[in-house]
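Nothing in this text is a laboratory measurement; each read-out follows from the coordinates by a stated rule. Remember, predicted model here, so these are calculated numbers, not experimental data. Reconstructed Cβ throughout: ideal geometry from the backbone, glycine too, with neighbour counts over all protein chains shown.
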Amino acid sequence: MFEQFIKKYNLPKYRRVQLYTQYYKNLISSWDNLSTWPLQLREALKKEIPFSNLTFVSSTQTKEKDSIKVLFKTPKNNYIESVLIRERDRNTVCVSCMSGCPVRCIFCASGQMGLQESLTSYQIVDQVLYFARYLKESNERVSNIVYMGMGEPLLNLESVSRSIIDITDIDKFGISKRRVTLSTSGYVQQLRSFMDMRLGVKLAISLHSPNQKLRDFLMPTVSKENSLIDLFEVLDQYTKEKNKRVTYEYVLLRGINDSIEHAKELATLLKNRLALVNLINYNENECLPFKKSKNTPLFKRILEERGITCTIRKSLGEDIKGACGQLSGTHQDC
Ligand code: SAH
Ligand code: SF4
């Protein structure tokens, strides 16, 4: 978009620098604030390129004011949600890459919507810039970005990878690659393409099951075509090549995947692998039958006793239904 404009008007390099500095670094709030450009050029830009490709609809805050969920509308009238999670040492933005999700994991609210729309890279970056502008008002910054909102990043890889390039480019938003995490339900072929891109961001895998059978039940769409054997083949290659640890997300569902046996089986599966298990407390949803597990500390202990590094994800924003993975667009009927 910007590049086309620059080319069309044959702008010298310094104009691009001015645009990027104002837009990504100084975080201006409209094209009218692009004061380093002459009025005529600014007006042309205003006519040709929308300042944002998402429309703000509403926002909700947690009681503690540590999380804010924002509902946006796309020009095609689909809804997406993004969350800002504020912690003592970091401000994390959880971005959506789709409205809805075609993967339809049976415990996930976004999945129940099916795919409504895949976002462009600009719409993904827009979510980050929205919160960056918001935080600027209190002299704060976005420090981390997680692709854990609505949608499956590897099924929108072109836009997702372009957005990663933009937000990590030091001439643009310039966030450190180590502070960006992409979470995927595990599409093997696309994971290979993602690895070949060498984007340098962290990888999280939504595992949720220690065996194929249970994964087929919880995540049928992805699991049946991407077996655990194939998934671990590519992940083992990833850890070997990059010497980087993979995070395995495991959402604990009461009576489904949270028994002592499941924990032991998971420990065996990950033994001798460079892995971190991130246990997630399930955010219940009135439209779905699953319940939060009561076994989280026990599950963690079993893994740790077997030498598996393990953390429990701090659950934020439950009262605004704004924790990552609980994003379901407009509040639809079940
Ligand atoms: N599609 C990607 C990224 C978005 S979901 C993926 O599946 O990895 C981000 C994380 O939230 C995933 O691990 C997902 O399984 C988890 N999740 C989904 N629904 C949830 C819920 N209701 N409570 C807690 N975590 C949930
Ligand atoms: Fe899609 Fe991830 Fe939800 Fe599965 S868990 S339906 S892949 S958003």
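The table for this structure:
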quantity: The chain: angle of helix 121-136 to the longest principal axis, Cα-based, in degrees nearest 10; calculated: 80
quantity: Computed over the chain, Cα set: Rg, Dmax in Å; calculated: 20.6, 68
quantity: Residue among Cys310, Cys287, Cys105 with the largest mean-square fluctuation in a Gaussian network model of the chain, springs linking Cα atoms under 10 Å; calculated: Cys287
quantity: Taking Met150, Met197, Met98, Met219 and counting other C-beta atoms within 10 Å, the order from fewest to most; calculated: Met197, Met219, Met98, Met150
quantity: For Gly174, residues with placed amide H under 5 Å, excluding near neighbours; calculated: Thr168, Asp169
quantity: Acute angle (nearest 10 degrees) that the helix 296-305 long axis makes with the longest principal axis of the chain, alpha-carbon atoms; calculated: 80
quantity: Violating pairs (Cα-Cα greater than 26 angstrom) within the set Lys213/Lys242; Lys244/Lys314; Lys13/Lys46; calculated: Lys213/Lys242
quantity: Two-decimal Rg/Rh across region 140-199, once Rg and the Kirkwood Rh are taken from alpha-carbon atoms; calculated: 0.97
quantity: Degrees separating the helix 260-270 axis from the principal Cα axis of the chain, which is the longest one; calculated: 60
quantity: Within a Gaussian network of the chain (alpha carbon springs, distance under 10 Å), most fluctuating of Lys314, Lys242, Lys13; calculated: Lys13
quantity: Within a Gaussian network of the chain (alpha carbon springs, distance under 10 Å), most fluctuating of Val246, Val83, Val160; calculated: Val246
quantity: Residue order, fewest to most surrounding Cβ atoms within 10 angstrom, among Asp89, Asp171, Asp126, Asp216; calculated: Asp89, Asp171, Asp216, Asp126
quantity: Whole-number D in µm²/s for region 1-51 (Stokes-Einstein; Kirkwood sum over Cα pairs; 25 °C, 0.890 mPa s); calculated: 225
quantity: Long-range HN-HN contacts of Ser259 with modeled amide H, under 5 Å; calculated: none
